[in-house]
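Take a look at the structure set out below.
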Amino acid sequence: MSKRIDKASALVGAPQESIYQSFVKEEAFKKWMAPHDMTMEIEAFDAVEGGMFTVNLIYNDREAAGKTVDNIDRYTGVFKTLEPYNRVIFTVEFDTDDESFQEIMEQEWTMIGQGNETEVFVTCRNVPEGIDQEVHERALIVALYRLADHLGVEIR
């Protein structure tokens with residue numbers, strides 16, 4: 001079992017409510033949560049505590065090797081905690097035969113309001129050892145920028 005924890009944070013120029021809605025609205029989640037080099041397809045999305053979601057991440061580079069099949073990474077998640085405007089916790093489990101990616105990772109996104117801005121912290125626990133830490137932490141920062149871009153605001 002992996003004990004690794006990866007983190008990132010940023011001050012996003014949007015109120016907590018807007019950021020929270022970006023997690024619980026399917027189209028918003030699809031738009032910003034996909035890594036920059038991938039397209040997201042959502043098979044299922046039930047944004048309630050205990051609700052599941054299933055995602056296909058498709059590499060834009062058709063030659064890239066996916067964890068699941070061809071150029072696709074599929075994962076299933078479960079929303080563990082939905083604390084409106086303050087915190088979202090969900091798990092991610094990749095659909096793969098590769099043991100180095102088979103850990104169930106937990107992502108905790110915390111939002112602390114500061115007027116019209118929000119400090120957003122992401123903490124990933126139990127990160128599968130197959131995910132390179134430096135690459136993952138960069139991807140988390142990129143996700144924060146994609147969130148800000150989705151909301152049409154700046155990051156500080």
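The values are calculated or read from the model by the stated rules, or taken from the named source; none is laboratory data. Here the structure is a predicted model, which is why all the values come from computation and not from measurement. Quick reminder, even Gly has a Cβ in these numbers, built from the backbone with ideal geometry, and neighbours come from all protein chains shown.
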**Prompt:** Could you say which residue among THR96, THR76 is part of a strand (DSSP E or B) and of a type in the set (Ser, Thr, Tyr)?
**Reply:** THR76
**Prompt:** Just one of VAL120, VAL127 is within 13 Å of the chain's Cα centre (by Cα) and part of a loop (DSSP other than H, G, I, E, B); which is it?
**Reply:** VAL127
**Message:** Scan the stretch 114-122 and tell me whether some residue there is of a type in the set (Phe, Trp, Tyr), within 14 Å of ASP6 (Cα to Cα) and either surrounded by 14 or more Cβ atoms within 10 Å (Cβ to Cβ) or in contact (Cβ under 8 Å) with a residue 40 or more places away in the chain (or both).
**Reply:** yes
**Message:** Checking the conditions here, which among GLU99, GLU103 is charged (D, E, K, R), crowded, with 19+ Cβ neighbours inside 10 Å and either modelled with pLDDT under 95 or farther than 19 Å from PRO35 by Cα (or both)?
**Reply:** GLU103
**Message:** Among the residues of the stretch 7-31, what is the count of those that are crowded, with 19+ Cβ neighbours inside 10 Å and under 15 Å from the mean Cα position of the chain (by Cα)?
**Reply:** 6
**Asked** Across the stretch 56-88, what is the total count of residues that are in contact with a Lys or Arg (Cβ under 7 Å, 6 or more places away or on another chain) and either of a type in the set (Lys, Arg) or within 16 Å of GLU106 (Cα to Cα) (or both)?
**Response** 1
